[in-house]
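All of the numbers you see were taken from the coordinates with simple rules; none came from a lab. Source: prediction; values computed, not measured. Backbone-built Cβ (ideal geometry, glycine too); neighbour counts: all protein chains shown.
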Amino acid sequence: MVRPSSLKLPNKFLRKHRKWPLSPYKTKWHRNLNQQQAMQALKQAAERTTSAPPQENPSKHQQHHLLSTLIHSFNTYNCHPTPSAYHLVIKTLATTSQFHHIPPVLDHLEQVEKFETPECVFAELIGIYGNADKLREAVELFYGIPKFRCVPSVYSLNSLLSVLCGRSEGLRMVPQVLVKSQRMNIRVEESTFRILIGALCKIRRVGYAIELMNCVINDGYDIDVRICSLILSSLCEQNDMPSDAVMGFVKIMGKQGFSPGMIDYSTLIRFLVKKGKGVQALDILNTMKVEGIKPDIVCYTMVLHGVITEGHYERADEFGELSRMRVLLKEMGQKGVESNFRTYRIMLEGLVSKGEIIEASVLLEEMLERRFCTSRCATVDEVVLGLCQRGFTCKAVELVQKLVDKNVAPGAMAWEALLLSSGSKLTFSETILTGLVKVEPQTIAPI
């Protein structure tokens with residue numbers, strides 16, 4: 001019979017020789033902790049290096065101080081260095097202008113470490129080399145990225161191209177870099193073309209920039225608004241550039257889906273006025289209004305100057321009146337005088353009477369937004385008719401749609417104008433126009 005007390009006695013032999021399995025989670029936790037402690041020691045050394053005054057003749061030990069600290073710190077905590085540790089060392093050396101200390105760090109990273117080095121380390125160092133005017137070092141680093149167990153991509157290529165394209169010396173290296181990047185199996189992207197086109201525009205090789213952009217479009221890339229704006233700005237900066245060439249570029253890009261913005265229109269107006277094409281600049285101003293872009297006072301002033309310079313005083317008088325009207329409205333608002341339906345209606349009728357249909361359509365949309373147009377009037381029909389007669393049928397359809405959405409019924413004259421012009425010029429779906437005509441009578445305000 002076994003005594004109960006014997007069951008409670010510990011087995012010292014088993015306790016001494018038993019081997020418990022080591023938890024992998026505990027090992028990973030300890031490793032991370034050790035790496036954090038080693039990294040903290042390295043950061044403290046980097047801070048001391050950054051704050052220390054520069055020495056004229058540093059000793060060999062001081063030259064490799066940070067690299068030695070990196071190795072010693074991680075050995076002390078019995079862990080392997082991390083990519084972040086090398087990144088910190090390289091950034092610190094670059095910040096303190098110790099570029100001649102960077103190659104030993106890279107050599108150690110290449111020959112000793114086994115991890116895959118993140119590409120961001122090299123992309124950032126390429127930019128640092130570029131800012132320090134070390135273009136050769138930047139190119140050599142880019143070529144050597146695969147040696148660090150890293151697959152280079154368009155990310156590092158764009159970093160290098162941005163550096164090279166910023167200097168005339170670097171521009172001469174670009175063709176060789178592009179050829180080499182193909183051998184490195186790097187596929188260029190739209191962002192790469194943007195950098196190259198920007199460089200071509202900067203050195204006034206706009207023709208080559210346009211050819212390159214056409215290649216981009218032919219390769220199936222979507223048109224880039226920033227690229228188009230950059231080329232348009234470069235074209236307008238050329239003193240010997242004919243206005244027909246610039247307008248032709250805008251027309252072609254418009255077919256590709258390019259919609260100029262406020263800055264693009266301002267650039268174009270300034271160019272046309274400079275070329276003595278004030279009336280053409282006035283057309284551009286009207287196009288802005290059709291596109292829903294409100295010109296600022298600078299655009300108005302430039303166009304007014306251009307029209308007067310060409311001797312079109314009658315057009316200038318009408319255009320000065322429009323500008324004063326806008327200024328008057330602004331002053332009324334600043335003085336606390338709120339505009340009402342009667343104010344806008346007087347302005348609308350004045351614009352239509354002078355044939356300023358584009359300006360009238362913009363004002364009418366503003367009235368709709370402010371709910372100042374709650375019922376149909378003959379002036380509204382005249383605006384729709386005027387848009388159709390000037391070839392802006394699509395704009396007329398959009399305006400009618402907005403009128404219907406705001407519970408305002410266009411008259412028979414407006415519908416007739418739309419139907420007559422829709423045969424050859426309407427680009428919207430016919431179902432849209434049909435739907436507008438068949439709006440239920442009870443949903444429209446009474447005439």
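Using R₀ = 25 Å, calculate the FRET efficiency as 1/(1 + (r/R₀)^6) where r is the Cβ-Cβ separation of residue 115 and residue 178; round to 0.05.
0.25
Within a Cβ distance under 12 Å of residue 361, other residues only, what is the Lys/Arg minus Asp/Glu net charge?
Residues near residue 361 contribute -3 overall.
I want to make sure I understand the PRE zone here: with the label point 7 angstrom from the Cα of residue 274 toward its beta carbon, which residues in region 235-250 have backbone N atoms less than 12 Å away?
It comes to 235-243, nothing else.
Which trypsin sites (Lys or Arg not before Pro) in region 86-174 pass both tests, a DSSP loop state and at most 12 other beta-carbon atoms within 10 Å?
Qualifying residues, ordered by number: 114, 172.
Tell me, in nm to one decimal, what length is gained between residue 50 and residue 354 on full extension, where the rule is 0.36 nm per residue of separation less the Cα-Cα distance?
102.3 nm
May I ask you to list the GluC sites (Glu not before Pro) in region 71-117 that are in a DSSP loop and have at most 13 other Cβ atoms within 10 Å of their Cβ?
116
Relative to the present Cα-Cα distance, how much length would full extension add between residue 185 and residue 133 at 0.36 nm per residue of separation?
Extra length available between residue 185 and residue 133 comes to 16.0 nm.
When only DSSP loop residues count, what trypsin sites (Lys or Arg not before Pro) in region 204-258 have their Cβ near at most 12 other Cβ atoms within 10 Å?
Hits after loop and neighbour filter: 204.
Work out how much length residue 28 to residue 221 would gain on full extension: take 0.36 nm times their residue separation and subtract the Cα-Cα distance, in nm to one decimal.
Extra length from residue 28 to residue 221 when fully extended: 64.9 nm.
Please arrange 163, 246, 225 by how many other C-beta atoms lie within 10 Å of their C-beta, fewest to most.
Fewest-to-most Cβ neighbours within 10 Å comes out as 225, 246, 163.
Compute the distance from the alpha-carbon center of region 136-204 to that of region 69-101, in whole Å.
The two parts, judged by their Cα centres, are 27 Å apart.
Between beta-carbons, use under 11 Å as the cut-off and find the net charge around residue 352, counting Lys and Arg +1, Asp and Glu -1.
Charge balance in the 11 Å sphere: -3.
Which whole-Hz couplings ³J(HN,Hα) result when phi for each residue of region 142-153 is put into the Karplus expression 6.51 cos²θ - 1.76 cosθ + 1.60, θ = phi - 60°, listed in order with x for Gly and Pro?
Whole-Hz 3J(HN,Hα) from phi for region 142-153: 4, 4, x, 4, x, 5, 9, 6, 9, 8, x, 9.
Compute the Cα gyration tensor for region 200-254, then decide on rounded, prolate or oblate, letting a ≥ b ≥ c be the square roots of its eigenvalues: rounded whenever a/c is under 1.5, prolate when a/b is larger than b/c in the other cases, and oblate in all that remain.
prolate
Between residue 416 and residue 167, take the C-beta separation as r, use R0 = 56 Å, and let me know the FRET efficiency to the nearest 0.05.
Working from the Cβ atoms, E equals 0.30.
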